[in-house]
Structures are given as C-alpha cells and as structure tokens.
There are 6 protein chains.
Amino acid sequence: MRPLTTELLRGPLAYDGTQIGPLWAYRALGLQGDSLIAFVGRCAIPRRHMIDQEDVRRRARIASPRMLHFIAEHFDAPPDLEKAVLRQRVFAALVLDELRARSDSEIRREGDDLFTPREEKLSISVAAATPVSTKFHFGINVVRATGVGVKTAGLRDLGVQPKPFAEAMLEAYRREIEGVLDARTRARGAL
Amino acid sequence: MRPLTTELLRGPLAYDGTQIGPLWAYRALGLQGDSLIAFVGRCAIPRRHMIDQEDVRRRARIASPRMLHFIAEHFDAPPDLEKAVLRQRVFAALVLDELRARSDSEIRREGDDLFTPREEKLSISVAAATPVSTKFHFGINVVRATGVGVKTAGLRDLGVQPKPFAEAMLEAYRREIEGVLDARTRARGAL
Amino acid sequence: MRPLTTELLRGPLAYDGTQIGPLWAYRALGLQGDSLIAFVGRCAIPRRHMIDQEDVRRRARIASPRMLHFIAEHFDAPPDLEKAVLRQRVFAALVLDELRARSDSEIRREGDDLFTPREEKLSISVAAATPVSTKFHFGINVVRATGVGVKTAGLRDLGVQPKPFAEAMLEAYRREIEGVLDARTRARGAL
Amino acid sequence: MRPLTTELLRGPLAYDGTQIGPLWAYRALGLQGDSLIAFVGRCAIPRRHMIDQEDVRRRARIASPRMLHFIAEHFDAPPDLEKAVLRQRVFAALVLDELRARSDSEIRREGDDLFTPREEKLSISVAAATPVSTKFHFGINVVRATGVGVKTAGLRDLGVQPKPFAEAMLEAYRREIEGVLDARTRARGAL
Amino acid sequence: MRPLTTELLRGPLAYDGTQIGPLWAYRALGLQGDSLIAFVGRCAIPRRHMIDQEDVRRRARIASPRMLHFIAEHFDAPPDLEKAVLRQRVFAALVLDELRARSDSEIRREGDDLFTPREEKLSISVAAATPVSTKFHFGINVVRATGVGVKTAGLRDLGVQPKPFAEAMLEAYRREIEGVLDARTRARGAL
Amino acid sequence: MRPLTTELLRGPLAYDGTQIGPLWAYRALGLQGDSLIAFVGRCAIPRRHMIDQEDVRRRARIASPRMLHFIAEHFDAPPDLEKAVLRQRVFAALVLDELRARSDSEIRREGDDLFTPREEKLSISVAAATPVSTKFHFGINVVRATGVGVKTAGLRDLGVQPKPFAEAMLEAYRREIEGVLDARTRARGAL
C-alpha cells in the first residue's frame, strides 16, 4: 500500500537535532516519502534544536559519544502530533522486543524510554510535528554516555551489535506500519 | 490532563460485537469520556457485528468460551481510524509486556495478534472508527477456544490469573495514554 | 509510495449504487487499499442508494443501458469529503483529456459533467464520504441512455472503445495520484 | 476528562505578544497542557509580534498602561484555527456575563470586542494557531489606554476589581470547557 | 466569504429530531450550504431520534407544546463535533444577549441551557456530527412545557415575541459566523 | 456559499517566492479570504524562498523574464497540503482547457506541468501548506525563459494574450471552486 522507505546509512553521522526537521531524509539523502532511516554517530543537541521543552526548561545536556539513531517521517494529511507520539511508542515497544530477543538483560520500557534492570537509561527519543509531516527521533546508546545527569548503558553493555540490530528494527517497523495500513483498510465504521 | 476512565467489571459479560459501538461505556455503564473497560465473558460475534471485513470475507467464526475483554474509546476530534489502530498496537505491546512478566512462556506479538511459542493464538482484536470516537476491542482467551480454525491458547495455559492481569493492564494503559498526552504537550514544532 | 490498486473487471457488472459504499472493492473483489476499479455494465440507482440529494429532490431517474463505470476509494485519515470532490474533478479532467485524444469530438467538462458539442451528457458522477474512506463513482455512457430527462451520448457515438479507454484511464489516474503524493512529499511549509 | 489548568499570576507581567507563542505557559511557568493563565500588566506589542495582519496593515499601536490579560492554550490534534476563534468568542461572551454581573454598565459584545454604552473599547483579543496548539489572548483594560486611535475604558471605570474578576473568569471558562467536553462525549452521530 | 443562509419558516413545523439529520435544510427546504433555519412548532422527540445519550439513559421525555426552533448546519471538512459544540455555545450566548435586550428578566446561561431567575428552564439544545457536516438544534419554549421533569418557562412569560426575536437571532448568528471567518483569515500563525 | 475573491492586478509585479507565504493577498493587497490573484511580471526565486526541495536539491534556477502568475490561497481548517496539491492539479487542467480553446497547439499536461508538442515547458507550479492556509503558485511563461535547463515556450508562442486569458482563468477557477462546494453540500454519507 504505502511502503515505508528504510535505510541504514553506511558511514557515521552525528545527530545534532537538525535531522528532526521536515524533509531531512529527502534533502540530505534523496529518500522521499514515509521513511525510517538509521545511522550510527555521535549525539549532541544544542539548545536551539531541542524539541522537548522540558529539556530546555531543566537545561538538559543531551549528548552521547556513539548512538544508533533512527529518524522516522510520515506525511500525514493533515499532520497530527498525537500520531507521531503513538508511532514513537510503537517503535519503542519494537526496540524492547528486539533487545529482549538479542540480550539476556531484562530491559524495561516506560513511555519512550528504555532502562536496564539497574535503571540505566539506554535511549532518548522525541516526537515532533512539522508543517508537512510528523517525525520521531529514537537514539540508543552504543556506548555509555557520561555527564548527562543520569546513569546510562549502551548496546555494547547488552552485547548487541548495532548494525544487525538496526537492520532488524528497520524491517520490524516496516512490517508494523504495513500492518497498521492493512488494519485501517479492512475495517468498516462502527455506527 | 485528560485522564482515562478505567474499570474492571465485577460480573461476567458476553462480548457480541455491540460493545465496539459508539458510547457503549456511557450507554451501558454510565462511564463517560475516554475509557478502557475490562470484563470477562463469552465471545461470539455474529456476522452483522463484525468490523473486520476480512473476517466477513472468509466467513470466520469468532468465538471463545471465556475471554478477558478490553474496550477502549477515545473521543478524538475529528475521529481518525489510524489513531485507533496505533493505540491498539500500543495496547497489544503492553499486553505482551504484562504476559511476559507473569509467565515463563515466550509470547510473541505480530501486529495486534499474540501467539505462544507453539503458534497458538491467544487473542483477537479490532480497531474501529465511530462517528464520534475511535475504539478498539482486545480479547484474550482465558480458556482455549475450539472450532475457530486456528490453534488457540488461553491465560490459564500460561498460568495467568485474569483479574489481577486485567487490573495491571488498566493501569499500564492509563499510564501510557497519560504519557502520550504528556509528550504532545511538551514538544514544540520542528520548522 | 502509496500505489493505487487498479483493475478492469473482465465481466459485466451492473452499478446499482451499492458500490459507492465503504470497502466495496475489498468486500466484493478482495482488492484492498486505495483503488480505482473499472467495469462495464448497466446502471440503475434506486432512490435509497442515491448519494446526491439533488437527484433525490428532483426525483431523478439515474439509469443507462450500458456504462463504463469507475469506482475510486481513498483511505484518508481522517476522511474528508472535500478531498473526494477534488479527486473527482481531477479524474473528470483526465477523462476529458483521454476522450479528446481518442475522438475528434470537442468534449467539454463542467465540474464533474462531460458534454458533447451538441450538449449531450456523456457521464454521471458523485463523490461521497464513508466512515473510513472517501470515494467517487464516475460513469460514462457506452450507448445512449434514454428516458433520463436530458439528451445523452455515449462512447460509441464518439467512436471510442470502452476497454482500451478504461485501461488508459486506470493508468492515467494512477500516475496522477502518484504525482500528488510525490508533490506533497517534496514541499516544505511556507511560514 | 481533560481539566483545564488555570492560574492567576501573583505579580505583574507585561504582555508583549510573545505569550501567544506555543507552549508559553509551560516554558515560562511550568504549567503543562490545556490552560488559561491570567495576569495583570502593561501591554505593548511590537509590530513583529502582531498576529492580526489587519493591525499590521493599518499600523496600529496596540498598547495599554495596565491590562488584565488572559492566555488560553488548547492542544488540539490537529490544531485548527477555527476552534481557537470559536473558543475566543465563547470566552468573550463569558467576560460580558461576568462584567454585567459586577457592573451596572450596559456592556456590549461584538465578536471578540467589548464596548461600553459610550462606545469605549474595553478589550483587545486575538486567536492564533501554533504548530502544536491553538491559543487566544484576551486583554481587558484596567485603566484607560490613550493614543491608540479609539476611545477606551477600563475595569476601573466600571468599578470592577481585576483580581476577583480574574478568578471568576478562570472558573467560568474552566466550567465552560468541561461542559464542551461533556457535551461531545454524550452525543451519538446523526446519520 | 462563506455567507450563512438564514431563514425563518412562515408556517408551523413540529420538531421530532429528524431535523438534526444531515442535509435536512437542503432535503426539506432546498436551502443549500451552511445555514441557520428557524421555525415555530411543537416539540416531541421519540427515543430513537435522541442524540444525547444522557436523555436516553434517564428516559427523558423531551417535549413542549410550542417552541421556537433553530437548526444550524456547517459543512466542515472534515466534520468535527467539538466545533459543533463550540458554535452551539456561542449561539446560546447570543440568545442570552438577545433575551436580556428584550426582557427585564435576569436570564442565566449554563453551557447550552438557559434559565430564568426562578430556575425555570427556557431551552433545550444538542450538537451533533453527521458524516458530512456538524449541526445543532436549539429550542426555546414559547409557552411552558409540562410533564418534562423540570420547571420550565417560555418566551411568553418573558414578554418576548417569537418571530421578531427569531429574526434578530438569525441576523446575530450570521454576523457572528462572518466574524469568525473574518478572524481566521486575518491571523498569521504563532511559531 | 464561499465565493472566491479573484483579481487581476493592473500593473506588473515580480514573483520572488514571497507571494506563496500565508496571507500575502491580504497583507499586500487587502484582499481577504479564499482568493485567486493573477499578475504579470518577472520571475526569479532565490534558493531560500524555494518550496519544492527537489529544486533546492538539484540547484535549479527558477526564472523567467515575463510570466503570468496565479496565486491561490484557501483557508482550510485544518490546513491540509494534499488539498492544495489536488486544487493545483484541477487548476492545471483548467489552464490546459483554456489554452486549447485559444490556441491550435496540442498542449499536454503532466501533473502540474504543461508542455507544447515539442516538449517545451510552458509553466512552473508549486503547492504549499502555511500554518493557516493552503496555497499554490502557477506561473505560465509569457515569453520564453532561457538558461533554466529545459526548453521553454510562452503564451506569445501560442498566440495567446495574457490578460484575457488571465480573466478567463479567474472565472473558470471561481466556477470550479463553487462547484466543489456545491457538490460537497449536496451529498449524504455512504454508510
């Protein structure tokens, strides 16, 4: 129906918050339409690019030496932030599933956050509306981040290889989104 | 913000497909607004109440001697079926989490379906748009259903008690929906 | 991106107004998702299936011995009748183009109606919202219809073969809809 | 259901047009979600912060030495400016009611403007859409404003104390919005 | 911009709940597009036509020997029940204004209800979404209704003539809706 | 219903991409509400004003010594880019019709582009969403443009006078938009 374009970028790319902007995948990569793009790279988000105003309010430092990043964009008509957040939650649940399948660690999801059993934070995430689409960023530490105000852990601590994990996530989300489209084109109204 | 009304009905109630209709919680139970209602009872959906047209097309028999049912209703403005499906997927992911926490069995989620490792189907689900709201039904077998064309399993097979499980799910979904509302009232637009 | 399913039905099928209902292509033909279906057959719409209330008000007789019918369905989220009407107009413009390319006659479009230079009506059309989608029906006389209160003409009068014309229309609309999706996934907001 | 956060700020705060921006209540005050915030302070809106383009076109000076300000924000999904304007009109009607109850003066409402019987303007207001919410500002002169091109009056002329009046308005709007939510979760569709 | 069609019907017409249905003004009166129609007549709403499920739940009897009725319909795209309720509240506020101008009685509005100082109910109202539009009904007793479970009063008790009052309301609502359209076509976004 | 304001500007006006911004017709010309404005003038769009990111990506030079420009704005609630693109396609189809009526040349439309039989490009166009409206620009060369990477032609090559053509287009689009509003206020839902 409306297949999702997915791609794991070969080289490293630093996430600086500009990738949450509208049409990033098209402008930077030439990938058009609904998409989920994965890449590995540093994370450092300057204040002016922070979307979550709680981060701005508490003067958070959002940074990590190496993360596996996912950027999703959906061209809803009209764009609706609530859909972006719901898709972000579905994505977080898929990450949880995939980590559980690849690690003995009892990871836990709370909203869009993932924690190890020792309450170490594995991930950061934000959902956003643009004038033409809805998006989310989901970043998972590859190695631990320090100096960010909370204990963290990374894929390396879980013994999970970033690239095969990323490939599995691209496929899992593609199937989930196809499933959502499938479900909403089979149901009659309840009157 | 917009708290979700949750309730586990004391007595048994049979699910016959009318509960997916608009305002059922209000009309039948006096519970108004966004809600998630749980109850235990038989399941038998006559053709004319089936929402999923795939079920109608393949002349499915949707029935179970005892199920734990969940009915969610959200008064979106305007109603949008895609949101209903996304919320249904988030709910299914929460069910998966809760079952894993209460059972040794390696349950698997695929879209809105849950399976045991032996490929026994644990649940049925549908999302629907009404003229004033969006809804989903999620039913989990308490005991196995037979004569429905697929192998099934139930909470009893997993050693999971329906009522405490239901209470945990009501709480988990309430927190998830609060989290979604929290997220979408903290994020600025990405321009 | 979101390809449109298109199909020209082999056998004849009478249009009686039920095909404008939600999910007809899926229920009757197993074709799921956004679609444009073409078929040739009689047209007779009983009052209770008329969508356009002007037809009901003026007690119109909507009938034709043989028409080439097109049924489009788009699963907008949320459904929006204005989009259905706009797509119907685009479709009517494509029909006009295709007829001009295949006939010497100076066909004229006025809204969703097509007329020959002698003011004979070639087509009927209606756009509708369903609880889960938006749809339109576009029917073009193959032979003249009589007793419908207006002068009519048909493809036969224009020397146009219905089936190749139908195939060309399916392809033209598929490209148009792809073009619309392409355009709305390339444009940034104007702030 | 979705209670409105209301608050009357203790100290004075000047309105300069930045408070109509998205998430102001959260960013500046830590008040999250749908809200109505009241405060007293000077009003002076530089051209670049004016929302109403009529003001910009006629080079209006929008200023007042002391006003009672109200800022409402609603996190509609999706945001819809028409809702913001409708809520603004309901709010203006509530202000009218409350002024009539507290003053002998025969105040008159015209759209979002309030006038005394001598055609003195009591208030200014604007509704706006942000990328994530809809908002309105409603400011009522406490003392007369001069040099703004029209005759004005203020609460002092009406013998109305700003703070108790503000408290009453916060409560009145909270009840109105609860009433709107109540109404739209009780009505079935009209088919 | 989008003028509202208004009309006061000459003869009497009984309100039985069917007038809240989609396109009533067009089907019954040939009046197309956004409209406000007024008429005087009996009111008796059988259960199956009740929109407000609270009325159904408490087995209300909704009836009055003579009422002044208003039916509004707006062709929102997409239809949104919240807009219907907001417009209904604005209308109720206009009725309050107009009654105060024509009567010495201190009428009070609470949501969509109007009461005399003796707590007699003057009016009934409901807002509804149809598949193609949003609507509201607002009925004001001309004479008192009895046997409806609450004390009532009517325009006659207030010394208000129905027809001139109706004409004034049609004009007041037309100006209000024009004002809403005017406001939302002058405001830039707040980014 | 919702008449479209149309106007052909007397004097020349250069299109530089700022006219696609929200409320341009109101801010620059005092023309409020849904509108289609035509003018003749140079075209040169600096990179920062380009809406279509394909143009930005391929570093397109968008320029023409003299074009007939059309700017449409529709105050949808909520704004929806897909509607803008659909309206743009309908407009392009009307341009095609009007050119065919005024020229012997066999013009061809492909999406929002018009070509002569020699594959010379006659026009440029883009659709955009603003925070409060949806818009499109449609520019047709009066004389050929050079140095833009493709072969071009203009109205002069077709023997078409810009001003009478512009007047005809304003009228044709006004009738089309009236027809769309007419169609969507006559159709009941298909349930």
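The values are calculated or read from the model by the stated rules, or taken from the named source; none is laboratory data. Quick caveat: nothing in here was measured; it's all calculated off a predicted structure. Neighbour counts run over all protein chains shown; Cβ positions are idealised from the backbone, glycine included. Quick note on the areas: whole protein, heavy atoms, side chains included, nothing else; ligands and nucleic acids left out. Shrake-Rupley method; radii C 1.70, N 1.55, O 1.52, S 1.80 Å.
Structural remarks
- Pairs exceeding 26 Å between alpha-carbon atoms, taken from D:151/E:163; D:135/D:163; A:83/C:135; A:135/B:121; D:121/F:135: D:151/E:163; A:135/B:121; D:121/F:135.
- Calculated from backbone phi, Karplus (6.51, -1.76, 1.60) coupling profile of the stretch A:108-121 in Hz, x at Gly/Pro: 10, 9, 9, x, 9, 10, 10, 10, 7, x, 8, 6, 7, 7
- Shown here for the stretch C:1-106: trypsin sites (Lys or Arg not before Pro) in loop regions (DSSP other than H, G, I, E, B) with at most 16 other Cβ atoms within 10 Å, namely C:10, C:58, C:59, C:61.
- 10 Å Cβ neighbours from other chains, averaged over peptide E:171-180: 3
- For chain E, the mean residue ellipticity at 222 nm estimated from helices alone is -10000 deg cm²/dmol, where every DSSP H run of n ≥ 4 contributes -39500 (n - 2.57) and the total is divided by all residues, rounded to the nearest 500.
- Net +/- balance of residues flanking residue D:8 in space, Cβ distance below 11 Å, scoring K and R +1, D and E -1: -1
- For the stretch A:114-191, the spread of Cα positions along the three principal axes, ordered from largest to smallest, is 52, 29, 25 Å.
- Label-reachable residues, the stretch A:54-83, where backbone N falls under 20 Å from a point 7 Å from residue B:191's Cα toward its Cβ: A:54-57, A:79-82
- A simple count of charges around residue B:54, restricted to other residues whose Cβ falls under 14 Å of its Cβ and scoring Lys, Arg +1 and Asp, Glu -1, yields +4.
- Using the empirical formula 2.2 N^0.38 Å as the baseline, the Cα radius of gyration of chain F reaches a ratio of 1.00.
- Exposure ranking of F:157, F:16 by accessible area [1.4 Å probe, largest first]: F:157, F:16
- Chain pair A, C: total accessible area buried, heavy atoms, 1.4 Å probe, Å²: 2100
- Estimated Rh, the protein assembly as shown: Kirkwood, alpha-carbon pairs, angstrom: 31.3
- Heavy atoms of residue C:24: accessible area, 1.4 Å probe, square angstrom to 10: 30
- Built amide H within the under 5 Å cut-off of residue F:151, gap 5+: F:121
- For peptide C:106-117, the mean count of partner chain Cβ atoms within 10 Å of a residue's Cβ comes to 2.
- Simple Cβ-charge dipole of the stretch F:101-190, Lys/Arg +1 and Asp/Glu -1, about Cα centre, in debye nearest 20: 180
- Cβ-Cβ FRET estimate between residue F:175 and residue D:118, R0 fixed at 56 Å, reported to 0.05: 0.70
- Fluctuation leader among B:77, B:93, B:63 - chain B, Gaussian network, Cα springs under 10 angstrom: B:77
- The angle separating the long axis of helix F:81-102 from the principal Cα axis of greatest extent in chain F is about 60 degrees.
- Cα-centred dipole magnitude for the stretch B:1-59, charges only on beta-carbon of K, R (+1) and D, E (-1), debye, nearest 20: 240
- Distances from residue D:42 to itself in the other copies, using label points 7 Å out along the Cα-Cβ axis, amount to 4.5, 4.5, 6.7, 7.6, 8.2 nm in increasing order.
- Computed Rg/Rh of the stretch E:53-92, alpha carbon atoms with Kirkwood Rh: 1.06
- Per residue of B:14-20, other chain Cβ atoms within 10 Å of the residue Cβ number 1 on average.
- Among the GluC sites (Glu not before Pro) in the stretch F:68-153, those located in a DSSP loop and surrounded by at most 15 other Cβ atoms within 10 Å of their own Cβ are F:106, F:119.
- Percent carbon-and-sulfur accessible area, the protein assembly as shown, ignoring ligands, DNA and RNA, probe 1.4 Å: 47
- The residue in chain D that lies nearest, by its beta carbon, to the axis linking chain D with chain A is given here with the distance in whole angstrom as D:78, 3.
- Compared with the dominant Cα axis of chain B, that is its longest principal axis, helix B:162-184 is turned about 30°.
- Distances between copies at residue A:147, taken between label points 7 Å from Cα along the C-beta direction, are 5.0, 5.0, 6.9, 8.2, 8.8 nm in increasing order.
- Between residue A:101 and residue E:57, the distance separating the two model label sites (each 7 Å from Cα on the Cα→Cβ line) works out to 4.4 nm.
- In this assembly of identical copies, the label point of residue F:119 (Cα plus 7 Å along Cα-to-Cβ) is separated from its counterparts by 4.4, 5.3, 6.8, 6.8, 8.4 nm, sorted shortest first.
- Net charge of neighbours whose Cβ lies under 11 Å from the Cβ of residue F:81, counting Lys and Arg as +1 and Asp and Glu as -1: +2
- Label-point gap, in nm, between residue B:10 and residue C:168 - each point 7 angstrom along Cα→Cβ: 7.3
- Only the Cβ atoms of Lys and Arg (+1) and of Asp and Glu (-1) were treated as charged; on that basis the dipole of the protein assembly as shown about its Cα centre amounts to roughly 0 debye.
- Cα gyration tensor shape for the stretch B:1-107, rounded if a/c is under 1.5, else prolate or oblate: rounded
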